[in-house]
There are 2 protein chains.
Amino acid sequence: MSELLNDLYGPAHQLCTIPSDRLTLVLSREREIDLIELEQLCDAVGWSRRPLRRVRRALQNSLLRVGIWRHDPRVPKLVGFARCTGDGVIDATVWDVAVHPLYQGAGLGKQLMAYVLAQLQRQQVQRVSLFADPEVVGFYSGQGWELEPQGRRCAFWYAP
Amino acid sequence: MSELLNDLYGPAHQLCTIPSDRLTLVLSREREIDLIELEQLCDAVGWSRRPLRRVRRALQNSLLRVGIWRHDPRVPKLVGFARCTGDGVIDATVWDVAVHPLYQGAGLGKQLMAYVLAQLQRQQVQRVSLFADPEVVGFYSGQGWELEPQGRRCAFWYAP
């Protein structure tokens, strides 16, 4: 089994801890993200669509792309996703954190973020930032993320 | 003159508008940033030092590096700087915006940001983010940047 998982998800993969033993869910930063599957996942969580061509380039230019797959020896299914941009040294920013609604409530989001942060730690990134929708503020602040503003770093947005 | 400037600063360079006609200040995303000069600039604005080796890698991995140089045909001097990370398609984040104290108060910061945003616009980046120290909040909000929180995107920090 472990050899098959390495083949499918790369040696840096990690099994998710879940309350069911009928399912195997796997975190991986090495397995390639299928764009159509990613679009289906984004549809499922209710995000607006983006042109695939642009998403492909954005993924290529990202520092880190992480998926959660429902393991299947032939057709693993993408059920979670997150990516980071940054310089890989000083700064990283986490974007597009998604867990498929059918798989929510089992602690997958937390495991996904822990996996992402562990990868960034290995690169010795100094500081990680993230922008979250108001509904999920509690999710991040419960995991050691510090909500702005603390009067230290003020966040700004600009739409060119 | 224009040919010399192209040679020194690349074809995408732009002259700064300043109240003095004894000085020529040039914006460029193409001229290479000297790490020692950048460190001197960061010292001058009072930032804490970072290991040069890490700064070099961070610059290499950045999407965009912009300098302002005091033009001199032999030894141009770096007097301003900004860089961006991001995927070059959907997101970009501006970091390390600095203007040498001797050159502040002449609108250079504003011109630097306008140049940075123009470069990101050419790449059709959808959204730009930035974290600013509290002292310069007015600087950015006066230029069309939208300060968070607006209850839409909450900013988080994490130190791995």
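The values are calculated or read from the model by the stated rules, or taken from the named source; none is laboratory data. These figures come from a predicted structure and were not determined experimentally. For neighbour counting, all protein chains shown are included, and Cβ atoms are generated from backbone atoms with ideal geometry for every residue, glycine included. Protein only, heavy atoms only, side chains kept; ligands, DNA and RNA dropped before computing areas. Shrake-Rupley method; radii C 1.70, N 1.55, O 1.52, S 1.80 Å.
Of the numbered criteria (1) touching a helix residue (DSSP H, G or I) at 6+ places or on another chain (Cβ under 7 Å); (2) open to solvent by less than 20 Å² (accessible area, probe 1.4 Å); (3) modelled with pLDDT of 95 or more, the one B:V89 fails is (3). For the stretch B:12-31: of the residues being of a type outside the set (A, V, I, L, M, F, W, C), open to solvent by less than 70 Å² (accessible area, probe 1.4 Å) and in a loop (DSSP other than H, G, I, E, B), which is nearest to B:M1 (Cα to Cα)? The qualifying residue nearest to B:M1 (Cα to Cα) is B:T24. Checked against the criterion of being over 23 Å from A:T85 (Cβ atoms), at pLDDT below 95 and not charged (D, E, K, R), the candidates B:G144, B:G109, B:G80, B:G138 yield just one match: B:G138.
Note on the stretch B:55-72: residues that are within 14 Å of B:H13 (Cβ to Cβ) and open to solvent by 60 Å² or more (accessible area, probe 1.4 Å) amount to 2. Per the listing B:L52, B:L78, B:L35, the residue uniquely surrounded by fewer than 22 Cβ atoms within 10 Å (Cβ to Cβ), touching a Gly at 6+ places or on another chain (Cβ under 9 Å) and over 24 Å from A:A155 (Cα atoms) is B:L78. Out of all the residues in the stretch A:38-49, which are assigned to a helix (DSSP H, G or I) and either within 14 Å of chain B (Cβ to nearest Cβ) or surrounded by 13 or more Cβ atoms within 10 Å (Cβ to Cβ) (or both)? Scanning the stretch A:38-49 gives A:L38, A:E39, A:Q40, A:L41, A:C42, A:A44. Residue count for the stretch A:72-115 under the criterion of being out of contact with any Cys (no Cβ under 6 Å at 6 or more places or on another chain) and at the interface with chain B (Cβ under 10 Å from one of its Cβ atoms): the result is 13.
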